[in-house]
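Structure first, commentary second.
The values are calculated or read from the model by the stated rules, or taken from the named source; none is laboratory data. All values reported here derive from a predicted model rather than from experimental measurement. Here the Cβ positions follow ideal geometry from the backbone for every residue, glycine too, while neighbour counts run over all protein chains shown. When the accessible area is computed, the model is the full protein with side chains, heavy atoms only, and any ligands, DNA or RNA have been set aside. Shrake-Rupley method; radii C 1.70, N 1.55, O 1.52, S 1.80 Å.
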Amino acid sequence: MAAQWEDVLREEALVREAALLAVDTALLAGVLMRTAEEPNASEVVNYAPFTLLPSAVPNALFEQAYAVQQDFNLLVDAISQNKEFLERTLASTIKVDDFTARLFRIYTQVLEEGLAQSVFLGINRSDYMFDCGADGTQALKQIEINTIAASFGGLTSRTPDVHRQVLKMLGKAEEASRLLPNNPSQGLALGIAKAWELYGSQSAVVMFLVEDVQRNIFDQRCIENELWSRNIRVIRKRFRDVFEKGSLDDARRLYIDGQEVAVVYYREGYVPQNYDPQNWEARLLLERSRAAKCPDIATQLAGTKKVQQELTRPGILETLLPGRAASVARIRATFTGLYSLDLGEEGDKVAARAIAAPDNFVLKPQREGGGNNLYGEELRHVLEKIKDSPERTSYILMDKIKPQPSKNYLLRSHSPLKVSECISELGIFGVYVRQGKEMVMNESAGHLLRTKAIEHADGGVAAGVAVLDTPFLV
């Protein structure tokens, strides 16, 4: 697999020519981001970083990732409805992790008041790497599942056309024809549209809840345009706007600027930095409303790392998905080793193992958005510092997945063109809509391949480490 494009990689002049074509094609196709210098202005934009060549992905593992996505949709939804499971699982975490604790307080407050929301929309992305065993066989292993603001469904809808053009220019028309179509933005919009329809008000709007800094706006616009094409009105607001202009009527319908909101689609709200006291107030207002939240706060909690670790314990999946033995088997096949650092003998042993062999593990806090995990000596240093403290329960430990590297060029503006040893991460988008207790939609909605140089341990595209890619199935 590592030698997929070896003939091309040897031809420096050809690579330079292909890179020029690739960048122009990406700009033409709309694979765009705003610049770091002007993150809220679209007058000057640049291409989002991407690979020159599509990366080889084992066909069997790609199909396995798609086959399990509807199972993961069901699992996330089941967790979000199971108060007892969430309370028990997050009990130790909320004592030491203030961010998770604040989310949990809103969750319990809304439940005590009684849910006004009857339509539930989930958009998640399950991320995997291909673990290479000692004998060279590869296995699909889940890194995490993102249940809030899972991004790049828009831009990755446009990258296959870029890679097709590059391969044709390199004299590889047959390989170009094998690249799969991929349109997550359409699939995600279908889920939002279904939730909007079930809400039952033609005049209501979909609200994208967005960050103050919006470099990745074109990724969101892809989904937005799909909704406009269905004559569904979209507004873009920040937490601050909700705090200043949002209100609920007696039926807990949400209004902002006089417009009724049917669906709130979060593209922010997943890290502590997204919140100040006013933003927490705004979040509570949104959660108390009748609008379909994507995600509602229970679903955001279902995506925490502590929940991910708890799911690997014997019997837990069977309890959450009763009577679904095949789903349980498919989900469990993707798990790697995940370990609790709760205080007690089990947690002590786990911490000691990681301190003794830090290169075999990843230390993960309860955070989304990339760039938060700890590896190697840094992992050892942090664990030694907190090994006897309750603070360690805000982390989980995971076996380090070890993929087989391959060579590629990572195209970034103002960066030299050089070949890199790379590893890839495959994400599958899932969309589901539930009305009351009835699952109305449960789909996989496309994929995202991100690739990074092996010297970078952690971080995604938005974090500036990984780049967009297209799978070439082998």
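When restricted to residues that are touching a Pro at 6+ places or on another chain (Cβ under 8 Å), open to solvent by 30 Å² or more (accessible area, probe 1.4 Å), in a strand (DSSP E or B) and under 23 Å from residue 48 (Cβ atoms), segment 381-436 contains 1.
Of all residues in segment 300-314, those being of a type outside the set (A, V, I, L, M, F, W, C) and open to solvent by 10 Å² or more (accessible area, probe 1.4 Å) number 7. Listed by first and then second residue, the pairs with beta-carbon distance under 6 Å, at least 6 apart or on different chains, first residue in segment 39-50 and assigned to a loop (DSSP other than H, G, I, E, B), second open to solvent by 40 Å² or more (accessible area, probe 1.4 Å), are 39/213; 39/215; 44/38; 49/412. Restricted to segment 7-35, and to residues there that are open to solvent by 70 Å² or more (accessible area, probe 1.4 Å) and either of a type in the set (Val, Ile, Thr) or in contact (Cβ under 8 Å) with a residue 60 or more places away in the chain (or both), the residue that is farthest from residue 169 (Cα to Cα) is 16. When the residues of segment 67-86 are filtered to those that are assigned to a helix (DSSP H, G or I) and open to solvent by 40 Å² or more (accessible area, probe 1.4 Å), the one that is farthest from residue 322 (Cα to Cα) is 67.
Taking the criterion of being crowded, with 18+ Cβ neighbours inside 10 Å and either touching a helix residue (DSSP H, G or I) at 6+ places or on another chain (Cβ under 6 Å) or touching a residue at least 60 places away in the same chain (Cβ under 8 Å) (or both), the residues of segment 218-242 that qualify are 218, 219, 220, 221, 222, 223, 226, 227, 232, 234, 239, 242.
Report yes if some residue within segment 253-262 is open to solvent by 60 Å² or more (accessible area, probe 1.4 Å), outside any loop (DSSP other than H, G, I, E, B) and touching a helix residue (DSSP H, G or I) at 6+ places or on another chain (Cβ under 8 Å); otherwise report no.
Looking through segment 253-262, none of the residues is open to solvent by 60 Å² or more (accessible area, probe 1.4 Å), outside any loop (DSSP other than H, G, I, E, B) and touching a helix residue (DSSP H, G or I) at 6+ places or on another chain (Cβ under 8 Å).
Residue by residue through segment 115-145, note down the ones that are among the polar types (S, T, N, Q) and either outside any loop (DSSP other than H, G, I, E, B) or open to solvent by less than 40 Å² (accessible area, probe 1.4 Å) (or both). Of everything in segment 115-145, those that are among the polar types (S, T, N, Q) and either outside any loop (DSSP other than H, G, I, E, B) or open to solvent by less than 40 Å² (accessible area, probe 1.4 Å) (or both) turn out to be 117, 124, 126, 138, 142. When 89, 100, 108 are screened for being of a type in the set (Val, Ile, Thr), more than 26 Å from residue 469 (Cβ to Cβ), open to solvent by 10 Å² or more (accessible area, probe 1.4 Å) and at pLDDT 95 or above, only 108 passes. Would you tally the residues in segment 437-454 being out of contact with any helix residue (DSSP H, G or I) (no Cβ under 8 Å at 6 or more places or on another chain), open to solvent by 10 Å² or more (accessible area, probe 1.4 Å) and not basic (Lys, Arg)? Qualifying residue count, segment 437-454: 2. Where residues in segment 324-374 are of a type in the set (S, T, N, Q) and farther than 14 Å from residue 387 by Cα, which of them is most open to solvent (accessible area, probe 1.4 Å)? For segment 324-374, the residue satisfying everything is 360. Scanning segment 186-212 for residues that are part of a helix (DSSP H, G or I), in contact (Cβ under 8 Å) with a residue 60 or more places away in the chain, open to solvent by less than 30 Å² (accessible area, probe 1.4 Å) and within 28 Å of residue 284 (Cα to Cα) turns up 188, 191, 192, 195, 196, 199.
Among residues of segment 87-98 that are farther than 17 Å from residue 272 by Cα and in contact (Cβ under 8 Å) with a residue 24 or more places away in the chain, those with a beta-carbon under 6 Å from a residue that is open to solvent by 40 Å² or more (accessible area, probe 1.4 Å) and not in a helix (DSSP H, G or I) at least six positions away or on a different chain give the pairs 92/342.
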